[in-house]
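Trainee: Once you've had a glance at the structure underneath, I'll fire off some questions.
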Amino acid sequence: MRIAAGVDVGSTQTKAVIMSDNGGVKLLARALVDTGANVQRAAERAFDACCQEAGIHGGDVGFVVGTGYGRYKIAFGNTQMTEITCHAKGASFLCPGTRTVIDMGGQDSKAISVGANGEVLDFVMNDKCAAGTGRFLANSAEVMGISLDEVGPLSLKAKHPVKIATVCTVFVESDILSYLAQGKTGEDILGGVHIAIAKRTLSLARRLNIEPEITMTGGVARNIGMVRALEEVIGRKMLVSPDAQFIGAVGAALFALEKLDQSFEFGIWRGDHAVSGGH
Amino acid sequence: MPFLAGIDCGTSFTKAVVLFEENGQPRVLGKGRTRSGMKVDEAAGAALEEALSQAGIRRPQIDYVAATGFGRYGVSVRDIQVTEITTAARGAHFVLPQTSAILDIGGQCTRAIGVTDMGRVKVFKSNDKCAAGSGMFIQRAAKYLEVSLEDVGELSLRATHPQPISSVCAVLAETEIINHVSAGIAVQDILRGIHESLADRAGALLKRVEMKDQLTLIGGVARQAGIARALEDRLKVKVNIPPDCDFICALGAALLGLKRLASKQSTMETVASEYAN
Amino acid sequence: MRYKNRMAPLERTFDNCSAPYFLSVREWKQTHPGAKVVAYFPVYAPVELIHAAGMLPVGLSGAGDRLDIQHADARFGSFICSIVKTTLEMGLAGHLEPFDGFLFSTICDSARNLSFVMKRNFPRMYIDFLHLPHNPSSPAAAQFLAEEYRRLLSELEQLRGGKVSDEGLRQSITIYNRNRALIRELYRLRTRAPQQVPTSELYQLIRMGNFLPVEEHTAQLEAALAEFSSRNTKPRDSIRIVVEGSFCEQPPLTLIRLIEDAGCYIVDDDFVIGQSWFESDVPTVEDPLLALAQSYLDRSVYSSVRHDFRKPRWGGLVEKVRRNRADAVLFLIAKFCEPAYFDYVPYKQELERAGIPHLQLEFEEKSFTFDRLRTEIETFVESLVFD
Amino acid sequence: MTDKKEYRGSIHQRQKDLMLAWYDQLDQAANTSNLPTVSMMISGNCVELLEGFGAVPIYPEVNALQLAIRHQSLDPILAAEDLGYAADNCAYVKADIGCILKGITPTGGKLPTPTLILCNFVGCNTYLKWFEHLAKLQQAPLYVIDVPFMRADEPSPSDVEYVVKQLHETVKKLEQLTGRKFDYDRFRQAVECSSRTEELWSQIKHLARRSPSPFDAYFDAITLMGPLYVCRARPEGVEFFEAALAELQAKADGRKGVYEQEHFRLVMEGPPPYPYFRTFRDMFAKWQACAVASTYSTVGGLWEFGFRHDPSKPFESVAMHMIAHNVTNRNFLQRYEQIRRYVEEWNADGVIIHFVKSCRLFSAGQGDMRDYFTKQLGIPTLYIESDLEDPRYFAEAQTRNRIDAFFEALEHSKAAASVRSGAWGKK
């Protein structure tokens, strides 16, 4: 039986999964830790936690693919791939039928057109001035002095969502403060924030040909308010896997399994020398 | 012998000062401070009450209330509102009469203010485009780097290879920090880099207000994070931090209120009454 | 607000004709079956030609905060001004259906590229690009521009399906001369008695000219001139300022009110410059096209998007401050408007040489929270009036 | 290690010598001042005209980019921002103005105050501001050649006539300023030289149609651009490009490419991020991706499609070059067409659009360009943002991430294609 792992070192959280292929591909274990200031350690912690949950030794893992912004720092990784490629792969595994992936990361947002085998057909990422959707939400929560988990549910209670014009994470804070100064309710402000992000994300995705199924990946997918807002502006339901935040890692693990499978012939492994090409 | 109140509704904290004038000498009787939260007027009320109880007087005894800061229009008990820039100049000049240039590192944006020897605003330059110089930014950086705000200053001094933060935009600057971290760069080197580039940005602002050899630094976060040190060795100026520096604007507001109360005939009255309605 | 009762109709007309719905334009089309509507980017456009061709010229100055950008930011990304995006957005969102043509000119690189992006996205619409000369010192410039106007006119004649006579052109010139003379008159009145002519009103009045038929607008201006002159309002203790830098993308009305409420009398400005871009009448002479061309070179008001290295713009600003007895200059610059950003430097240098205080603010047509701007304006006023 | 084989023939050395000789001339002019100099813009420059006065061109853009490549652009940029220039002003202008304020030059030698600041306006409105401000700052005379923008496929007779008249006015202006008589024959010879240089340059560009391409038509082309603008109209320019063509021709015939295995062929749109020139190049080298054509290498002149200066009508052909045959004065849709031809005729796998915030002429609307290439033509296209001069806008991790993802996807589709066809796609 082939066992492989994927480690996704994101800007705020690091995710790891272990998968096996024994006739059928299975997700054996998943782990999530805060990335914090030491990326390398975060990757190790996540990986070890995973092995423990799966009840195996690190040595049993045949191949490790690293992804995410810290991918080059994963000392035990055999190779790296970008999270764009991994999200596409992971999404079409966890949510079969996926043709479009929408990911709102802490550092940047992306929309991906996905082929039948989970390959990337085309992708777009946010403009500089619309960077950091995840942070857009986090900062909003911070300015209003509430926790990130509250914002989604609260936003659903909005009666008259306020208007948020800017896509800039810096300026949205002063917009919010102005509204607070005007005495608007937190619900309405958050409602406005969510709609603004949803519209912004849709206009990003429009740069591709949006085909169903649309799958939302990444940590923000756990924000029910965001999912609803997005579904509303897009005008159709989206697929959200309970493992949404692990999709990058799952994609990486799937590539790792393929790597173990010698019959795999695609030239994608030219990415290998990225190990040294990185820094 | 009037009693005056100045209330400064800042983005993170609301501060109040109660003032009493005795034969031409203003004297601070009480101070109050509370989180601004989501309701400006409530916070203002709470801060004022705290200041009143400290001063041992009741609200009806207050002759005049001047509001300043981001939420100044939200203070229902105000007689007048003045911007936090004008009040900062006035307050700083009262506490440190030699003040000629002020650097205010607020939660949202950093401001440099040139002050006349009368405590008037001569010229000012805000930097809200690039919040990478703001208090909020340092807070986030500290949080992300798992360092407490108080330790930021100390740690940054241990830097061996400072990593400058070059981005002019707070969002991209945060990204830059994250990239530094992913690249495995030491925390103190990143912190020092943040300090230095922050000092440089402040320097650029201060150039525009013709700062001389001295600088008055206000704004809570900055002081905690040990920016003063960074400013001194980066900009080669003497940095003065007024006592209770986060009450400077509230104090300035109270003083301007006093002036307004005193000189009924001043230009201020006509203009101010235009504002108040 | 003091003139609420009188303001109402003004605001209604303003909203009625403005983007993105252009109700007045749609009405005009219904009442003029078969007639064409040609929009122009609102700076230095030879509206006389469009008018003479029996068409309705419409100054397209963005969509303010009435439209959120859903498609255009995918075409014009970061660091590009709002008016460029809202203009394209109106097209992609189907709001420009009443228009038959578009006229752009050499004002800036973003607007220039926009005209060709529009060409690709709306292939069935007549979209033209006018090259306004940057070298007025050359004796050849007037001839070239006249030639360029002739080219434009023949395009318009094709669109309309009929020739335009020189006489017709001269008539249009006369009509617009009258309109602009009135605007100049209103501006002079405001300089004399700013308390009688609040800029928040004048601004709407002038901006309507972007959308209304010129004859109708002229009537409005006459009525307004009469009303403004008849007012006797007590002057209030405000500083007199000149606003510079809003020649293309237009600031939100709220912002202009806010500036006035902060204690400023705006005694001169470059708002809606397209409505008032000649300092004196265009002569109705033998060759009207040459007259218009010559007027662009010799009579047009300066701005950051008109280049005449014979007489620098910064001289023009100082002169403007003196002429209007202004206390200070407020630079009201549209975010990402590079021509305005550039000129701020020489302007600033010349103002400081002349000892004229100034403040620089940035706005976006679509912004609607102004707390930061308010703080800066109020501080600026406070710093000038408090002792 | 990152796998790149940049060709290092004699060209690089000769290029350095030529450029240094040029800076020496400028230094000389600064000291002796009987050698007239003229500030001009790279785009659609009319260096031929200067030859008629034996005047030396000054190219502020070249100074600015030299600085950026050496990671020295930030200080002058900040100096200019202290004057009041905005963060969103073109950083080329800020760097140049900052250098003049601080007396910085690319070589450390002196730069003269130009005899004439000649703004050859070709579509770039920023040029007008730039040169107006330079004239104010340097107290030097300014003249603007107003070049009608390409609003139709071909320039109109009145467009050409207008520019020719202004060229004659420029000649008069220079005669006054230099006290020299315009040497028409020398001018005609200069035009003759240019036409030959252009022919050689065009042949070099066409060598990139070979697979593998003997040079990178983006990163390497930039090395060749200096001589192209400085001494196109001089015999040493012709010699330089004869040598360059010979060298590259030999490489091509020996099927030697930029990389051991040329894995991807790209068309590059937009200027490079000079402050991170090497880093940026390595991001492509890692994937053995070679630029076979670029729009940026046509700012000074677009010659690979056949235009040449014409000694039989020198003024007209200089005018035609300024109006119709440089990418900056051509309209946006003409640029789409230029790139489309590159993709087809130079046989490229994809297009990289590099948005630079400084240059709205290049960048405003590139999102629409991406829309055109991906949706209308189905050509793989990557859109990335940074700046050509200001180091503060280059996010290394983000840029690398996008480039890697683009090639991962391209790799996959090529591999899939090769599995289907049993061969490497079209190659």
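Coordinate-derived values only; no laboratory data. Keep in mind that this is a model prediction, so the values were computed, not measured. Please note: Cβ atoms are built from the backbone with ideal geometry, for glycine as well, and neighbour counts cover all protein chains shown.
Trainee: Per residue of the stretch C:249-260, what does 6.51 cos²θ - 1.76 cosθ + 1.60 with θ = phi - 60° give for ³J(HN,Hα)? Whole Hz please, x for Gly and Pro, Karplus curve as stated.
Mentor: 5, 9, x, x, 3, 3, 5, 5, 4, 4, 4, 5
Trainee: In square nanometres, what is one fourth of the surface area of the convex hull spanned by the alpha carbons of the protein assembly as shown?
Mentor: Details: hull surface 205.9 nm².
Reported value for the Cα convex hull: 51.5 nm².
Trainee: Which is the longest stretch in chain C that no exposed loop site breaks, taking sites as trypsin sites (Lys or Arg not before Pro) with a DSSP loop state and at most 16 other Cβ atoms within 10 Å? List each step's numbers first, then the result.
Mentor: On the way: sites that count: C:Arg2, C:Arg66, C:Arg124, C:Lys163, C:Arg231, C:Arg236, C:Arg299, C:Arg310, C:Arg325.
For trypsin sites (Lys or Arg not before Pro) (loop position, at most 16 other Cβ atoms within 10 Å), the longest site-free span of chain C is C:164-230.
Trainee: Something else now. Which distance in Å, rounded to a whole number, links the C-alpha centroids of the stretch A:186-228 and the stretch C:60-79?
Mentor: 19
Trainee: Okay, next question. So how do C:His307, D:His263, D:His206, A:His160 line up by other beta-carbon neighbours within 10 Å, fewest first?
Mentor: On the way: C:His307 25, D:His263 22, D:His206 14, A:His160 11.
Fewest-to-most ranking of C:His307, D:His263, D:His206, A:His160: A:His160, D:His206, D:His263, C:His307.
Trainee: Could I ask something else about it? Between D:Glu345 and D:Glu199, what is the label-to-label distance in nm when each label sits 7 Å out along the Cα-to-Cβ direction?
Mentor: Label at D:Glu345, label at D:Glu199, 1.8 nm between them.
Trainee: What FRET efficiency comes out for the pair C:Glu216/C:Arg325, r = Cβ-Cβ distance, R0 = 30 Å, nearest 0.05?
Mentor: Details: r = 34 Å, r/R0 = 1.12.
In this case the efficiency is close to 0.35.
Trainee: What is the antiparallel percent of DSSP beta bridges lying wholly in the protein assembly as shown, to the nearest 5? Intermediate values should be presented prior to the final figure.
Mentor: Working: 57 of 133 bridges.
About 45 percent, rounded to the nearest 5.
Trainee: Given Cα positions, please report Rg to Rh for the stretch B:98-241, the hydrodynamic radius being the Kirkwood one.
Mentor: Working: Rg = 14.6 Å, Rh = 15.0 Å.
A ratio of 0.97.
Trainee: Report the FRET efficiency, 1/(1 + (r/R0)^6), for C:Gln30 and C:Asp237, where r is their Cβ-Cβ distance and R0 is 51 Å, rounded to 0.05. List each step's numbers first, then the result.
Mentor: Numbers: r = 49 Å, r/R0 = 0.97.
Once rounded, the FRET efficiency stands at 0.55.
Trainee: Could you check the spin-label model distance between B:Asn23 and D:Ser156? Points 7 Å from the Cα along Cα→Cβ, value in nm.
Mentor: If labels sit at B:Asn23 and D:Ser156, their model points lie 8.7 nm apart.
Trainee: For chain D, what is the mean residue ellipticity at 222 nm derived from helices alone (per DSSP H run of n ≥ 4: -39500 (n - 2.57); sum divided by total residues; nearest 500 deg cm²/dmol)?
Mentor: Details: 16 runs with 221 residues, N = 427.
Taking each H run of at least 4 residues, the total per residue is -16500 deg cm²/dmol.
Trainee: Follow-up question, since we're still on this one. Running a GNM on chain D with Cα contacts under 10 Å, which residue among D:Gly179, D:Gly123, D:Gly54 ends up with the highest mean-square fluctuation?
Mentor: Judging by the Gaussian network model, the answer is D:Gly179.
Trainee: How large is the dipole of the stretch C:4-167 about the Cα centre if only Lys and Arg carry +1 and Asp and Glu carry -1, each at its Cβ, rounded to the nearest 20 debye?
Mentor: Details: 17 positive and 18 negative charges, 51 e Å.
The dipole magnitude comes to about 240 debye.
Trainee: For B:His161, C:His134, what ranking results if the residue with the fewest other Cβ atoms within 10 Å of its Cβ goes first? Please list the in-between numbers first.
Mentor: Numbers: B:His161 10, C:His134 23.
The most exposed by this proxy come first: B:His161, C:His134.
Trainee: Nearest 500 deg cm²/dmol is fine: what mean residue ellipticity at 222 nm does chain C get from its DSSP H runs of n ≥ 4 alone, each adding -39,500 (n - 2.57), divided by its residue count? Before the final figure, lay out the partial values.
Mentor: Working: 14 runs with 190 residues, N = 387.
Calculated at 222 nm, the ellipticity per residue is -15500 deg cm²/dmol.
Trainee: Let me ask another. Hey, fewest Cβ within 10 Å first, where do B:Ser36, D:Ser158, C:Ser280 land in order?
Mentor: On the way: B:Ser36 27, D:Ser158 18, C:Ser280 12.
Lowest count first: C:Ser280, D:Ser158, B:Ser36.
Trainee: From the C-alpha gyration tensor of the stretch A:134-254, pull out the three semi-axes of the equivalent ellipsoid (sqrt of 5λ each), sorted largest to smallest, in whole Å.
Mentor: Details: eigenvalues 137, 49, 34 Å².
Value: 26, 16, 13 Å, ordered largest first.
Trainee: With only Lys, Arg, Asp and Glu charged, each at its Cβ (+1 for the first two, -1 for the last two), find how big the charge dipole of the stretch D:10-421 is about the Cα centre; round to the nearest 20 debye. Could you put the intermediate results ahead of the total?
Mentor: Working: 44 positive and 52 negative charges, 40 e Å.
Once rounded to the nearest 20, the dipole reads 200 debye.
Trainee: For the stretch A:97-240, what proportion of DSSP beta bridges, expressed in % and rounded to the nearest 5, is antiparallel?
Mentor: Given both bridge residues lie in the stretch A:97-240, the antiparallel proportion sits at roughly 65 percent.
Trainee: Would you please calculate the Kirkwood hydrodynamic radius of the stretch C:263-369 over all C-alpha pairs and express it in Å, rounded to one decimal? Walk me through the numbers on the way to the answer.
Mentor: Working: mean 1/r = 0.0643 Å⁻¹.
15.6 Å is the Kirkwood radius here.
Trainee: Among C:Phe370, C:Phe22, C:Phe76, determine the one that fluctuates most according to a GNM of chain C built with springs between C-alpha atoms less than 10 Å apart.
Mentor: Taking springs between Cα atoms under 10 Å, the residue moving most is C:Phe370.
Trainee: Additional query: Of all DSSP beta bridges in chain C, what percent run antiparallel (nearest 5)?
Mentor: Values: 1 of 27 bridges.
Bridges in chain C that DSSP calls antiparallel: roughly 5 percent.
Trainee: I want to verify a result. In a Gaussian network model of chain C, Cα cutoff 10 Å, which of these has the top mean-square fluctuation: C:Gly77, C:Gly59, C:Gly101?
Mentor: Judging by the Gaussian network model, the answer is C:Gly77.
Trainee: For chain D, what class follows from the C-alpha gyration tensor (a ≥ b ≥ c being the square roots of its eigenvalues): rounded when a/c is under 1.5, otherwise prolate if a/b is larger than b/c, else oblate? Working shown, then result.
Mentor: Working: a/c = 1.68, a/b = 1.47, b/c = 1.14.
Prolate is the answer for chain D, as a/c is 1.5 or above and a/b outweighs b/c.
Trainee: Oh, and also: HN-Hα J couplings of the stretch C:194-201 from phi, Karplus 6.51/-1.76/1.60, θ = phi - 60°, integer Hz, Gly and Pro as x?
Mentor: x, 5, 7, 10, x, 5, 4, 7
Trainee: Here's something else I'd like to know. Can you work out D for the stretch C:4-167 in µm² s⁻¹ from Stokes-Einstein, where Rh is the Kirkwood radius over C-alpha pairs, the temperature is 25 °C and the viscosity is 0.890 mPa s?
Mentor: Stokes-Einstein gives a translational diffusion coefficient of 144 µm²/s.
Trainee: To the nearest 0.05, what FRET efficiency results for C:Ala223 and C:Arg66 with a Förster distance of 35 Å applied to their C-beta separation? The partial results should precede the final answer.
Mentor: On the way: r = 26 Å, r/R0 = 0.75.
E(calc), rounded to 0.05, equals 0.85.
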